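Take a look at the structure set out below.
The values are calculated or read from the model by the stated rules, or taken from the named source; none is laboratory data. Note that the structure is a prediction, hence the values are computed from the model and not measured. Reconstructed Cβ throughout: ideal geometry from the backbone, glycine too, with neighbour counts over all protein chains shown. Remember, those area values only see protein heavy atoms, side chains included, never the ligands or the DNA or RNA. Shrake-Rupley method; radii C 1.70, N 1.55, O 1.52, S 1.80 Å.
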Amino acid sequence: MTTPSRRIQLRDNLDRTREAIAAACADAGRPAGAVRLIAVTKTFPASDAAALVELGQSDLGENRDQEAAPKAAELAAAGLEPVWHFVGQLQRNKARSVAAYADWVHSVDRAPLANALSAAAHAKGRNLNALIQVSLDGDTARGGVPVTGLEALAEAISAAPALTLKGVMAVAPLGWDPAKAFALLAECSQTVQRVDPGATEVSAGMSGDYRAAVLAGATMVRLGRNVLGEREPMA
């Protein structure tokens, strides 16, 4: 149960974050509703996630299945149905679990993972929206397909029966100017759209660089600290 004071804090944070995104859109000459806020609730309790949904924030993000799966189940049991976005690196052995609750997977970076997600979603009578995670600097240790492998992966996802290719996602590489990173991601988006013209979504931008992402054409920003506050150190 979220305390009244915490609910007020979340409401105020949410309002400020939405206003900041709208201002970033205005600065970029884009409509206020051009960018979707994904509130990343990782490390915060299900009660916070539930409060956000009750406050009208429908898109929630998580990056670890072991936390996301029980949180999604708890909200479902309470009759709440947010749109869940899985935004973290994903191993194939977690595909079946993630396919049970996620509506979007932002981190599809290889064909075997795409096939595993598609098979798991099909078995559950579901369809998943898939974004290709791109490794902009070619260092795949943090997840992502190298730019050179983007078109082939887009074709593989397009052929997967229970996946819908929706676009691209990236994290700005360490040490890179975010503007440079997100300009390259915009080029990657064009590459994917040559495979599927409907794959126009661009998931980019976190708390420190979302304004640059909006300026470069992001359609989704993944923000946690702005909405929920500082996280406790991970155990």
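Any idea how many residues of the range 115-156 are open to solvent by less than 10 Å² (accessible area, probe 1.4 Å), without any contact (Cβ under 8 Å) to a residue 40 or more places away in the chain and assigned to a loop (DSSP other than H, G, I, E, B)?
Total satisfying the criteria: 1.
Let me confirm something: among L80, L90, which residue is of a type in the set (A, V, I, L, M), part of a loop (DSSP other than H, G, I, E, B) and open to solvent by 20 Å² or more (accessible area, probe 1.4 Å)?
On inspection, the qualifying residue turns out to be L80.
Just the residues that are open to solvent by 40 Å² or more (accessible area, probe 1.4 Å) and basic (K, R), please, taken from the range 62-77.
Answer for the range 62-77, where residues must be open to solvent by 40 Å² or more (accessible area, probe 1.4 Å) and basic (K, R): just R64.
Would you check which residues across the range 163-218 are of a type in the set (S, T, Y) and either open to solvent by 50 Å² or more (accessible area, probe 1.4 Å) or touching a Gly at 6+ places or on another chain (Cβ under 9 Å) (or both) and list them?
Matches in the range 163-218: T164, S189, T200, S203, S207.
Would you mind stating whether S5 is surrounded by 14 or more Cβ atoms within 10 Å (Cβ to Cβ) and in a helix (DSSP H, G or I)?
no
Give the range 10-41 a look and list any residue that's part of a helix (DSSP H, G or I) and in contact (Cβ under 8 Å) with a residue 40 or more places away in the chain, or say none.
L10, R11, N13, L14, R16, T17, A20, I21, A24, C25, D27, A34
Take the range 182-227 and flag every residue that is of a type in the set (D, E, K, R), free of Cβ contacts under 8 Å to residues at least 60 places away in the same chain and touching a strand residue (DSSP E or B) at 6+ places or on another chain (Cβ under 6 Å). Please lay out each step first, then the result.
First pass over the range 182-227, keeping only residues of a type in the set (D, E, K, R): 187, 194, 196, 201, 209, 211, 222, 225.
Retained after the next criterion (residues that are free of Cβ contacts under 8 Å to residues at least 60 places away in the same chain): 187, 194, 196, 209, 225.
If the condition is that a residue be of a type in the set (D, E, K, R), free of Cβ contacts under 8 Å to residues at least 60 places away in the same chain and touching a strand residue (DSSP E or B) at 6+ places or on another chain (Cβ under 6 Å), then D196 is the only one that fits.
Residue by residue through the range 95-111, note down the ones that are touching a helix residue (DSSP H, G or I) at 6+ places or on another chain (Cβ under 6 Å), within 25 Å of A204 (Cβ to Cβ) and outside any strand (DSSP E or B).
Once the filter is applied, which keeps residues that are touching a helix residue (DSSP H, G or I) at 6+ places or on another chain (Cβ under 6 Å), within 25 Å of A204 (Cβ to Cβ) and outside any strand (DSSP E or B), the range 95-111 yields A95, V98, A99, Y101, A111.
Going residue by residue through the range 102-114, is there one that turns out to be in contact with a Cys (Cβ under 9 Å, 6 or more places away or on another chain), open to solvent by less than 30 Å² (accessible area, probe 1.4 Å) and not polar (S, T, N, Q)?
No, the range 102-114 contains no residue that is in contact with a Cys (Cβ under 9 Å, 6 or more places away or on another chain), open to solvent by less than 30 Å² (accessible area, probe 1.4 Å) and not polar (S, T, N, Q).
Filter the range 44-89 for residues that are under 16 Å from the mean Cα position of the chain (by Cα) and β-branched (V, I, T); which is farthest from T3 (Cα to Cα)?
By that ranking, first place goes to V87.
Suppose we filter the range 157-200 for residues that are over 19 Å from A218 (Cβ atoms) and either in a helix (DSSP H, G or I) or touching a Cys at 6+ places or on another chain (Cβ under 9 Å) (or both); how many remain?
5
Taking the range 112-129 only, how many residues are under 19 Å from P146 (Cα atoms) and more than 19 Å from the chain's Cα centre (by Cα)?
Number of matching residues: 2.
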